[in-house]
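Visitor: To start, I am sharing the structure in question, which I have written as structure tokens.
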Amino acid sequence: MATQTAYKADLEDWTFHGILPAAAYARLFISALVVPHGGDATPPRALGPSAILPAPAGGFMAIFIVGLLLFLGVHSTRIFADTWRTRMIARIGEKPWKGIYSLLSLAGFVLMVWGYGQVRGQMPLWNPPAFMRYVTAVLMIPVFMLFVAPYVPGNALKAKVHHPQALSAKLWAFGHLLSNGFLADVVLFGAVLAWSILSYSAGRRRDRAAGTVYPPGTARGTIICVVVGLVIYAAFLLGLHRWLIGVPPL
């Protein structure tokens, strides 16, 4: 009967294989709009013809898309090329693979976040109803709990869903698609949603093929996930989101 080796590999993918501390990576990931835009913040450009991307912004959009493709592409090796990944690790060694993987992931992430910051709020595709930001805010509550679950031993979230960070990304992306209608928003959240669905499905297939069994969760581990998730969520609502992103969450 297999252990959780496959799952640990997924967790390493999410944490740049240990080169960046997990907490720092979580902060980077969450800072990319974990909580929706809202409140009385004024978007960079109003809805209308003037919101069409100006020529300089087209270059920033290209940088954003290149970064997004690089970041998600690197994180898709276990989805589309798991056998090739295994061969490469055997050929060049685990540490060199982790180093290359981490550098490409970091480069893609920096380009993605920076490019998105330059073009967000431009070229509206649809105008979400105002109440949608509250729907998104509610959906974000389990996002934090699921995101921290892999780091808390013996919790029911990991025991139940097996790949909680992929599910966290899925909820994060879906929630933000509901309340953000600009081009960059749809590209970012739509791409992450598609990737997270594929990643979660691939992880479950690997588990079934390997006969991976996850130990049952304990009350202590589950409570820690819930409490930590709620604390982080409250921090974003009470000011962390404004500090990181520049706009209030609601």
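The values are calculated or read from the model by the stated rules, or taken from the named source; none is laboratory data. If you're wondering where the values come from, they're calculated on a predicted model, not measured in any experiment. Cβ coordinates were reconstructed from backbone atoms using ideal geometry, including for glycine residues, and neighbour counts include every protein chain displayed.
Visitor: When you scan segment 172-250 for helices (runs of 4 or more DSSP H) that lie fully inside it, which ones turn up with 1 or more residues that are charged (D, E, K, R) and touching a residue at least 24 places away in the same chain (Cβ under 8 Å)?
Guide: Correct list: 183-210, 219-235.
So that you can scan it fast, the table gives a plain yes or no per residue for (1) basic (Lys, Arg); (2) farther than 26 Å from His75 by Cα; (3) surrounded by fewer than 20 Cβ atoms within 10 Å (Cβ to Cβ); (4) modelled with pLDDT of 95 or more:
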position: Ile224; (1), (2), (3), (4): no, yes, yes, yes
position: Ala234; (1), (2), (3), (4): no, yes, yes, no
position: Leu244; (1), (2), (3), (4): no, no, yes, no
position: Pro249; (1), (2), (3), (4): no, yes, no, no
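Visitor: A further question follows. Does Leu167 fit the bill of being crowded, with 17+ Cβ neighbours inside 10 Å, within 30 Å of Ala130 (Cβ to Cβ) and either among the basic types (Lys, Arg) or free of Cβ contacts under 8 Å to residues at least 12 places away in the same chain (or both)?
Guide: Criteria not met by Leu167.
Visitor: Here is a further query. Could we say that Arg78 is in a helix (DSSP H, G or I), over 20 Å from Leu188 (Cα atoms) and touching a Ser or Thr at 6+ places or on another chain (Cβ under 7 Å) here?
Guide: Against the criterion (in a helix (DSSP H, G or I), over 20 Å from Leu188 (Cα atoms) and touching a Ser or Thr at 6+ places or on another chain (Cβ under 7 Å)), Arg78 does not qualify.
Visitor: Mind counting the residues in segment 89-128 that are among the hydrophobic types (A, V, I, L, M, F, W, C), surrounded by fewer than 17 Cβ atoms within 10 Å (Cβ to Cβ) and over 25 Å from Asn180 (Cα atoms)?
Guide: Selection size over segment 89-128: 7.
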